[in-house]
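S.K.: Please find one structure pasted underneath; my questions will follow.
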Amino acid sequence: MAKATLIISSKNYSSWSLRGWLLCRMAGLEFDEQVMPSDDPSTRAELLLLSPSFLVPRLEHEGVHVWDTLAIGEYLHEIRPAAGLLPADRAARAHCRAISGEMHSGFGNLRSALPMNLKAQYPGFRLWTGAQADIDRVTEIWRDCLATYRGPFLFGAPTMADAMYAPVCTRFRTYDVQLDAVCARYRDTILGWAPLAEWTEAARSEPDEVQELDAEF
């Protein structure tokens with residue numbers, strides 16, 4: 001039995017669960033998954049962005065309980081510094097924390113207008129202004145990082161920042177968001193990344209559906 005448990009919700013719909021899961025995998029942590037059912041009231045509230053706080057993912061490790069995604073990342077960096085969740089260089093490390101924090105606390109229009117749904121495809125999806133402004137900021141961050149650290153991940157090698165922005169890459173695929181060549185290449189790098197491919201395969205076989213998130217946009 002693993003020494004850690006990661007409690008998550010839907011693999012198809014939960015962007016925060018995906019982030020926490022990726023961070024644990026990147027850290028090389030051996031963990032068991034515990035999946036909350038999508039018909040659980042608190043789970044549905046989180047997926048529908050109706051909850052004031054997010055209680056999953058929650059990592060339980062050696063008596064420590066951590067339920068905020070950034071806190072999980074920082075905790076894993078403390079116990080597994082060699083995993084490289086944060087860059088070795090001090091300036092790059094601060095930059096990584098800043099853009100991870102920006103994703104953690106912002107982009108509300110993007111979240112509400114383009115909910116994560118790995119099974120769905122909406123070709124020619126029409127974006128509204130608020131979501132487009134968030135998309136523009138995300139792609140600005142990506143271009144800056146890729147130019148500064150030379151790719152293929154935001155800081156060269158995979159870091160916490162890539163886990164934080166991975167669900168956005170899935171949204172861009174689901175909703176057919178048009179990107180410039182640099183950002184499209186990064187999106188495809190993340191979509192082809194082995195841990196994300198594993199998660200996506202599991203999500204597509206997930207039986208549960210949240211009807212409100214499967215509406216015809």
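The values are calculated or read from the model by the stated rules, or taken from the named source; none is laboratory data. All figures in this text were calculated on a predicted structure; none of them were measured in a lab. So basically every Cβ, Gly included, is an ideal-geometry build from the backbone, and we count neighbours across all protein chains shown.
S.K.: Take Ser112 and tell me if it is touching a residue at least 60 places away in the same chain (Cβ under 8 Å), more than 16 Å from Arg19 (Cβ to Cβ) and among the polar types (S, T, N, Q).
M.R.: Here the answer is yes, as Ser112 does meet what is asked.
S.K.: Of the residues Gly156, Gly124, Gly130, Gly151, only one is assigned to a strand (DSSP E or B), out of contact with any Gly (no Cβ under 8 Å at 6 or more places or on another chain) and not assigned by TED's automatic domain parsing to the domain that holds Ala27; which?
M.R.: Working: Gly124 fails: assigned to a strand (DSSP E or B); Gly130 fails: assigned to a strand (DSSP E or B); Gly151 fails: assigned to a strand (DSSP E or B).
Criteria check complete, one pass: Gly156.
S.K.: When you scan the stretch 116-135, do you find a residue that is in contact with a helix residue (DSSP H, G or I) (Cβ under 9 Å, 6 or more places away or on another chain), over 25 Å from Ser14 (Cβ atoms), surrounded by fewer than 16 Cβ atoms within 10 Å (Cβ to Cβ) and modelled with pLDDT under 95, even just one?
M.R.: If we filter the stretch 116-135 for residues that are in contact with a helix residue (DSSP H, G or I) (Cβ under 9 Å, 6 or more places away or on another chain), which is where we start, we get 116-122, 125, 127-135.
Checking the rest, the ones that are also over 25 Å from Ser14 (Cβ atoms) come to 129.
Adding the requirement that they be surrounded by fewer than 16 Cβ atoms within 10 Å (Cβ to Cβ) leaves 129.
So of that shortlist, the ones also modelled with pLDDT under 95 come out as 129.
Yes, the conditions are met somewhere in the stretch 116-135.
S.K.: Can you tell me which residue among Leu114, Leu146 is touching a strand residue (DSSP E or B) at 6+ places or on another chain (Cβ under 9 Å) and not assigned by TED's automatic domain parsing to the domain that holds Ser15?
M.R.: Leu146
S.K.: Could you tell me which numbered condition Ser38 fails, if it satisfies all but one of (1) among the small types (Gly, Ala, Ser); (2) at pLDDT 95 or above; (3) surrounded by 17 or more Cβ atoms within 10 Å (Cβ to Cβ)?
M.R.: Ser38 satisfies every listed condition except (2).
S.K.: Please state which of the following conditions Arg111 fails to meet, knowing it meets all the rest: (1) surrounded by 15 or more Cβ atoms within 10 Å (Cβ to Cβ); (2) at pLDDT below 95; (3) not in a helix (DSSP H, G or I).
M.R.: For Arg111, the exception is condition (3).
S.K.: Of the residues Ala98, Ala163, which is surrounded by fewer than 18 Cβ atoms within 10 Å (Cβ to Cβ) and assigned by TED's automatic domain parsing to the domain that holds Leu179?
M.R.: Working: Ala163 fails: surrounded by fewer than 18 Cβ atoms within 10 Å (Cβ to Cβ).
None of the others qualify; the one that does is Ala98.
S.K.: Just the residues that are surrounded by fewer than 22 Cβ atoms within 10 Å (Cβ to Cβ), modelled with pLDDT of 95 or more and either in a helix (DSSP H, G or I) or of a type in the set (Gly, Ala, Ser) (or both), please, taken from the stretch 1-25.
M.R.: Ala4, Arg25 - these are the residues of the stretch 1-25 that are surrounded by fewer than 22 Cβ atoms within 10 Å (Cβ to Cβ), modelled with pLDDT of 95 or more and either in a helix (DSSP H, G or I) or of a type in the set (Gly, Ala, Ser) (or both).
S.K.: Right, something else. If I filter the stretch 149-168 for residues that are without any contact (Cβ under 8 Å) to a residue 24 or more places away in the chain and in contact with a strand residue (DSSP E or B) (Cβ under 9 Å, 6 or more places away or on another chain), do I get at least one hit?
M.R.: Yes, there is a match, as at least one residue in the stretch 149-168 is without any contact (Cβ under 8 Å) to a residue 24 or more places away in the chain and in contact with a strand residue (DSSP E or B) (Cβ under 9 Å, 6 or more places away or on another chain).
S.K.: Same structure, new question: Just wondering, is there one or more residues in the stretch 204-211 that are part of a helix (DSSP H, G or I) and basic (Lys, Arg)?
M.R.: Going residue by residue through the stretch 204-211, those that are part of a helix (DSSP H, G or I) are 204, 211.
In the following step, the residues that additionally are basic (Lys, Arg) were identified as 204.
For the stretch 204-211, residues part of a helix (DSSP H, G or I) and basic (Lys, Arg): present.
S.K.: To continue, here is another question. Which one of these is touching an Asp or Glu at 6+ places or on another chain (Cβ under 9 Å), within 18 Å of Asp162 (Cβ to Cβ), free of Cβ contacts under 8 Å to residues at least 40 places away in the same chain and not small (Gly, Ala, Ser): Arg137, Arg93? Step through it out loud before you land on a result.
M.R.: On the way: Arg93 fails: touching an Asp or Glu at 6+ places or on another chain (Cβ under 9 Å).
Only one candidate qualifies: Arg137.
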